[in-house]
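Read through the structure below, which is laid out as structure tokens, and then see the notes.
Every read-out reported here was derived from the displayed coordinates using simple, explicitly stated rules and does not represent laboratory data. This is a predicted model, so every value here is computed, not measured. Cβ sites come from the backbone with ideal geometry, for glycine too, and all protein chains shown count toward neighbours.
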Amino acid sequence: MQRRHFLKNTMATGTIALAASSGLLVPGQVLAAWNKKAFDAKDVQSALKDIIGTELTEASDKIHIKAPQIAENGAVVPVTISSTLSNVKSITIISEKNSTPLIAKFNLKGKAEAYISTRIKMGKTSNIIAVCESGGKFYSARKEVKVTIGGCGG
């Protein structure tokens with residue numbers, strides 16, 4: 001078992017090194033940008049302003065949030081966000097009452113489908129807010145998720 005594990009890791013490392021040295025894998029494309037100020041924000045308005053540049057969004061019924069109505073464990077809440085807006089450039093997820101509300105921002109490129117699926121942590125019952133950027137405007141939708149066991153230190 002150890003030999004197989006060693007060979008697998010060696011092959012993976014070799015492949016990544018080859019891709020990086022040939023220019024196929026550029027660190028700027030692989031590593032996510034870190035907006036420390038936005039992720040350290042303590043309220044929704046500050047997080048939005050720091051991550052998308054404005055706290056004003058327009059409510060839209062073209063953004064769909066799929067999440068459980070009741071999450072038995074706030075440490076692992078499955079969330080899927082999709083949109084029928086055209087040319088969505090980014091999708092941002094915020095959990096309204098978390099100690100740090102900004103969960104993630106996904107940048108979409110080209111004609112990527114406006115669809116993401118992930119698991120998030122929620123400290124207590126609150127709204128999940130999805131913000132989509134389309135056509136230079138920001139649109140949002142909300143869904144309340146009731147948390148029975150907090151995942152963020154609760």
Past 29 Å, Cα to Cα, is the threshold; run K42/K111; K8/K121; K111/K146; K37/K137; K8/K124 against it and keep the listed order. K42/K111; K8/K121; K111/K146; K8/K124
Taking 0.36 nm per residue of sequence separation and subtracting the Cα-Cα distance, how much length would be gained by fully extending the chain between T148 and T10, in nm to one decimal? 45.3 nm
Fewest to most Cβ atoms within 10 Å: M122, M11 sort as M11, M122
How many nm is it between the label spots at K49 and K62, if each spot is 7 Å from the Cα in line with the beta carbon? 2.8 nm
Fewest-first sequence of S82, S117, S95 by Cβ atoms within 10 Å of each Cβ: S117, S82, S95
Can you tell me the 0 to 90 degree angle between the C-alpha axis of helix 2-21 and the longest principal axis of the chain, rounded to 10? 80 degrees
Estimated [θ] at 222 nm from DSSP helical runs (n ≥ 4, -39500 (n - 2.57)) normalised by residues in the chain, nearest 500: -7000 deg cm²/dmol
Projected onto the charge dipole of the chain (unit charges on the beta-carbon of Lys, Arg, Asp and Glu, signs +1, +1, -1, -1), the Cα from A12, S99, S46 with the largest positive-side position is that of A12
In percent, how large is the relative contact order of the chain, given Cα pairs closer than 8 Å and 6 or more residues apart? 24 percent
Tell me, D40, D50 in order of fewest to most beta-carbon neighbours within 10 Å? D40, D50
